[in-house]
Amino acid sequence: MRLSCLQENLNRGLTVIGRAVATRTTLPITHNVLMSTDNGRLKLSATNLELAISTWVGGVIEVEGSLTVPARLLTEFVSSLGSESIDLDSENNAKVLEIKCGRFEATISGTDSEEFPPIPSVDQGIRVQVDSQTLKTGINQTVVAAATEESRPVLTGIKLEVNEDQFTLAAADGFRLAVYKGNVERAVDEPISVIIPARTLTEISRFIGDQQELIDVVVSPSGAQALFRLTNVEVVTQLIHGNFPTFAEILEDAMKDTKTTVDVELDKFLSATRSASIFARDSSGIVRMKLSPGEGDNSGQITISSRAEELGENIGEIDGLVTGEESQIAFNSKYLLDVLSAIKTDNVSLTTSGPSRAGVFKATDSDHYMHLVMPMFVQW
């Protein structure tokens with residue numbers, strides 16, 4: 001293999017695939033990056049056996065070939081170089097990569113590419129196309145509700161369902177549930193229902209960036225892997241198997257017998273919650289809310305408070321449209337901040353059926369995103 005490319009392009013590519021390089025593994029070669037020539041470009045691939053990422057770097061290919069070398073060493077060396085052309089050569093020794101950039105040279109010992117774990121091919125299967133920014137929004141608004149502990153592996157994933165021309169993303173951790181609905185480019189012939197690791201979707205959201213092109217999503221016929229094809233990046237992930245909570249029924253139940261509905265400016269709500277969360281840190285993260293309907297020309301008031309025993313307390317009041325009964329409810333401050341930070345509209349709606357029932361948050365003017373948060377039981 002012999003080729004040349006720009007340092008900044010190679011550095012960017014190594015940063016992308018670095019997200020899939022194994023950190024703890026019993027298979028040392030998964031610490032490596034696979035470098036291979038592919039249709040006039042340099043292809044970089046890495047895998048930790050659960051997630052595989054490939055990206056392509058433009059360059060001038062003189063001799064075709066492939067090699068695998070330690071990813072961390074190569075990445076750190078390339079990032080230390082200046083913005084010049086880099087020459088990569090393994091022709092003299094198939095297991096040694098020679099690097100030249102300006103007046104700098106290095107050799108890195110590698111391994112035969114045949115020993116690198118094969119990356120699953122997911123070209124065949126159920127295929128769907130999604131607007132990149134719509135998918136990014138859906139991921140960012142649901143991933144906050146996914147579990148981070150491995151005690152229930154199924155909850156560390158995000159459920160993807162596709163029916164006809166609509167897709168749904170859902171995440172839950174036992175204390176909250178986030179559901180996002182959007183449209184796909186073309187209706188699918190058969191429905192899709194899979195659980196994708198939340199970590200994978202977080203990386204995909206990061207890779208999307210400002211991309212405007214459609215994203216291809218392909219689920220393998222076996223239902224074991226899924227492929228996400230972005231501009232210049234491909235991500236193959238293992239899927240999670242298990243019984244995901246019946247989120248549609250949970251949301252429907254939470255919306256039954258609604259007693260109080262609040263419509264308030266998001267910025268004011270978020271600001272008052274941030275203030276309350278400072279005091280809540282020393283009181284199990286409890287933020288109390290009193291929802292008071294208005295009288296006459298007064299539309300209503302939301303009182304947001306928290307207290308830290310022996311330290312002090314915080315009380316904030318904001319105006320909002322409160323309809324229904326006067327109500328009280330308490331939430332975990334982190335969960336409350338997460339949902340309010342995820343909603344990207346001017347006004348937010350909160351619906352509750354009482355202090356012991358979940359609160360449902362959503363944008364006032366849209367049902368695309370709904371976020372359920374379980375209450376905390378407190379002494380009022």
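The values are calculated or read from the model by the stated rules, or taken from the named source; none is laboratory data. Since the model is a prediction, treat every value here as computed from it, not as a measurement. Backbone-built Cβ (ideal geometry, glycine too); neighbour counts: all protein chains shown.
Return yes when ILE17 is assigned to a strand (DSSP E or B) and surrounded by 20 or more Cβ atoms within 10 Å (Cβ to Cβ) and no when it is not.
Values: assigned to a strand (DSSP E or B): no; surrounded by 20 or more Cβ atoms within 10 Å (Cβ to Cβ): yes.
Taking the combined requirement at face value, the residue does not satisfy it.
Taken together, THR237, THR202, THR258, THR246 contain a single residue that is in contact (Cβ under 8 Å) with a residue 60 or more places away in the chain, β-branched (Val, Ile, Thr) and under 30 Å from ILE329 (Cα atoms), which is THR258. Check whether at least one residue in region 204-215 is under 16 Å from SER45 (Cα atoms) and assigned by TED's automatic domain parsing to the domain that holds GLN141, and report yes or no. Yes: region 204-215 contains one or more residues that are under 16 Å from SER45 (Cα atoms) and assigned by TED's automatic domain parsing to the domain that holds GLN141.
Of everything in region 313-369 that is of a type in the set (Phe, Trp, Tyr) and in a strand (DSSP E or B), the residue that is nearest to ARG274 (Cα to Cα) is PHE331. Candidates are the residues of region 354-380 that are farther than 28 Å from ASP282 by Cα and more than 23 Å from the chain's Cα centre (by Cα); the one that is surrounded by the fewest Cβ atoms within 10 Å (Cβ to Cβ) is ASP365.
Every listed requirement among (1) farther than 30 Å from LEU49 by Cβ; (2) in contact with a strand residue (DSSP E or B) (Cβ under 6 Å, 6 or more places away or on another chain); (3) surrounded by fewer than 17 Cβ atoms within 10 Å (Cβ to Cβ) is met by LEU81 save one, (3). Among the residues of region 169-191, those that are modelled with pLDDT of 95 or more and either among the hydrophobic types (A, V, I, L, M, F, W, C) or outside the structural domain of ALA145 (by TED's automatic domain parsing) (or both) comprise LEU169, ALA170, ALA171, ALA172, PHE175, LEU177, ALA178, VAL179, VAL184.
Scoring GLU252 on the criteria (1) closer than 30 Å to PRO293 by Cα; (2) part of a strand (DSSP E or B); (3) out of contact with any helix residue (DSSP H, G or I) (no Cβ under 8 Å at 6 or more places or on another chain) leaves a single failure, condition (2). The residue of region 234-243 that is farthest from ALA147 (Cα to Cα), among those that are surrounded by fewer than 20 Cβ atoms within 10 Å (Cβ to Cβ) and of a type in the set (S, T, N, Q), is GLN238. Only a single item in (1) surrounded by fewer than 19 Cβ atoms within 10 Å (Cβ to Cβ); (2) in contact with a helix residue (DSSP H, G or I) (Cβ under 9 Å, 6 or more places away or on another chain) is not met by LEU336, and it is number (1).
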